[in-house]
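Encoded as structure tokens, the structure appears first; notes follow it.
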Amino acid sequence: MKRPERPLRLGTRGSPLALAQAHMTAQALRDAHGWDQDAITTVIVQTSGDRIQDRALAEIGGKALWTKELDRALAEGEIDCAVHSMKDVETIRPDAIRIAAMLPRADVRDRLVGVENFADLPPQPIVGTSSPRRAAQVKRLRPDAQIILFRGNVATRLAKLEAGEAHATLLAAAGLDRLGQADIGATIEIDTMLPAPSQGAVGIETLADNDSMLGWLAAINHRDTFDCVMAERAVLRGLGGTCHSPIAALALLEGGQIHLRAEIISPEGDETVRDEARLARGDLDAAEAIGRGMLERASPALRSLFEG
């Protein structure tokens, strides 16, 4: 495809991790199309999620806080595409916007920061996280743990830990690696803590009717990542999950099929409903059915987290 007539405007949040992911996307486009440095410019869009740091996402609007300003910038023609951490993108997207590409997925696992493993935590440990999924998984492993709210970018959360506000926190390995901080924290295996749906994946959205942008982005789409992440997102659709809901899911390609694992957990970690299946690539209906099936097997109390 021919070079853009003007620099492409790539929209992103302004956090160090978001900027690192935007730079990765811009470089992938330049490499795929042989463009020079001037072919792409980065546009920072501040989001509500970045501004409001003292409350849990679920209390102030959920994942839309990361996307609504970028959606508006796309709709109003201020940017040509938007780069997101896919786990921050709501399950149901506007018809006018399309997830056009995903970069190759990074490490999907979490890291425990502050101690080497959960057994090293003291009695009644304080663990900082803003993730209902991580909180529930920690409570399942350490029922005596007290969970306190840790929000903010990676540096902010590490500073809170350093200041002694908690004994430990949990961060995504992918984010630490992309920030050049691969030496921080102890990696938690997925059999201990199944990750959030879409963790480690970077996605790029554009307007559904922007054929030129869709074509340029198609060249950098990593199909294996795309198919796995879309299967995980289909589980979320089946659950009708919100930011109140502790949900974990991971899809991996094995022998040409998708091996999908998922679980929902009560906030105190005392109830877990799991499922796993092997699906054909692109069979999102089957993935969505896994979400619905877990809900059907959940207790009324756990099911209530996914209603309304």
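Within the stretch 236-258, the residues that satisfy the criterion of being under 14 Å from the mean Cα position of the chain (by Cα) and modelled with pLDDT of 90 or more are 236, 246, 247, 248, 249, 250, 251. Among the residues making up the stretch 78-117, those that are within 13 Å of the chain's Cα centre (by Cα) and outside any loop (DSSP other than H, G, I, E, B) are 83, 84, 85, 86, 87, 88, 102, 110. Taking the stretch 138-221 as the region of interest, the strands (runs of 3 or more DSSP E) fully inside it that hold 1 or more residues being in contact (Cβ under 8 Å) with a residue 24 or more places away in the chain are 168-172, 186-188, 202-207. Answer with yes or no whether residue 185 is at positive phi and surrounded by fewer than 17 Cβ atoms within 10 Å (Cβ to Cβ). When the stated conditions are applied, residue 185 does not pass them.
For the stretch 231-244, check the following and say yes or no: at least one residue is of a type in the set (Lys, Arg), over 18 Å from residue 299 (Cβ atoms) and buried (at least 20 other Cβ atoms within 10 Å of the Cβ). Yes, there is a match, as at least one residue in the stretch 231-244 is of a type in the set (Lys, Arg), over 18 Å from residue 299 (Cβ atoms) and buried (at least 20 other Cβ atoms within 10 Å of the Cβ).
Looking across 281, 274, 261, 292, one residue alone is farther than 26 Å from residue 27 by Cβ, modelled with pLDDT of 95 or more and assigned to a loop (DSSP other than H, G, I, E, B). It is 281.
For (1) of a type in the set (S, T, N, Q); (2) within 23 Å of residue 179 (Cα to Cα); (3) modelled with pLDDT of 95 or more, each residue gets a yes or a no:
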position: 32; (1), (2), (3): no, no, yes
position: 69; (1), (2), (3): no, no, no
position: 79; (1), (2), (3): no, no, yes
position: 87; (1), (2), (3): no, yes, no
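The values are calculated or read from the model by the stated rules, or taken from the named source; none is laboratory data. Here the structure is a predicted model, which means the values were calculated and not measured. Positions of Cβ are generated from backbone atoms using ideal geometry, with glycine treated the same way; all protein chains shown enter the neighbour counts.
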